[in-house]
Amino acid sequence: MRNALIYGMGRVYEQYILAIKWQERRGMFKVVGVTSNDQYADFIDGYQCINKKDIDKYNIDICIVCTIPSIEEIKKELLLLFGEQKPYIILPKALLQPDFDIDKYICLIDKRVSIISSNCWGGGGI
């Protein structure tokens with residue numbers, strides 16, 4: 001089973017904690033803890049609060065990013081925190097998808113899929 005770290009405990013965390021707990025209960029991953037800039041407790045929602053400087057002591061495969069700043073800023077910070085141990089970065093919104101499967105999701109991340117279509121609107125609105 002993959003080990004997950006929840007990164008961030010603010011508004012986004014509150015919005016997605018039930019989805020995270022549901023996917024954990026389904027056996028998609030095991031949350032080893034949560035971390036954020038503002039740690040105020042030893043445990044939150046049953047999860048251990050991990051100091052950012054201690055992250056490298058845990059075997060973390062997945063980082064569920066529950067914070068607002070740009071994902072590029074977060075990736076840079078996580079690279080500094082994890083060093084060689086590069087976890088997969090997952091936005092919690094993905095956990096809301098019906099029949100979510102972490103292994104299939106990671107396979108898509110690894111393959112860097114591109115979709116080419118003759119009638120693609122490029123995601124733009126009308």
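The values are calculated or read from the model by the stated rules, or taken from the named source; none is laboratory data. Everything numeric here is computed off the predicted structure, so don't read it as measured data. Methodologically, a virtual Cβ is constructed for each residue, glycine included, from the backbone with ideal geometry; neighbour enumeration extends over all protein chains shown. Accessible surface is based on the protein model in full, side chains and every heavy atom, while ligands, DNA and RNA are left aside. Shrake-Rupley method; radii C 1.70, N 1.55, O 1.52, S 1.80 Å.
So how much slack lies between Cys49 and Asn119, counting 0.36 nm per residue of separation and subtracting their Cα-Cα distance, in nm?
In short, 20.5 nm is gained.
Considering only protein heavy atoms, what per residue accessible area in square angstrom results for the chain with a 1.4 angstrom probe?
Each residue of the chain exposes 68 Å² on average to a 1.4 Å probe.
For a paramagnetic label modelled at 7 Å from the Cα of Asp99 toward its Cβ, which residues of the stretch 1-30 fall within the zone defined by backbone nitrogen distances under 20 Å?
Correct set: 22-29.
With the dipole of the chain worked out from charges on the C-beta (+1 for Lys and Arg, -1 for Asp and Glu) around the Cα centre, which of Tyr105, Gln48, Leu78 lies farthest toward the positive end?
Tyr105
What residues qualify as long-range amide H neighbours of Phe100, i.e. H under 5 Å apart, gap of 5 or more or another chain, H built at 1.01 Å from N?
none
Could you grab the Rg to Rh ratio for the chain? Cα atoms only, Kirkwood for Rh.
Rg/Rh for the chain comes to 1.00.
So if we plug the beta-carbon distance of Asp42 and Leu79 into 1/(1 + (r/R0)^6) with R0 = 25 Å, what FRET efficiency do we get, rounded to 0.05?
So the FRET efficiency works out to roughly 0.40.
Give me the accessible area of Lys104, 1.4 Å probe, in Å² rounded to the nearest 10.
140 Å²
In terms of modelled amide H atoms, which long-range or inter-chain residues lie less than 5 Å from the amide H of Ile44?
The list, which skips near neighbours in sequence, is Cys49.
Report, in debye and to the nearest 20, how large the dipole of the chain comes out about its Cα centre when Lys and Arg carry +1 and Asp and Glu carry -1 on their Cβ.
With only Lys, Arg, Asp and Glu charged at Cβ, the dipole is about 220 debye.
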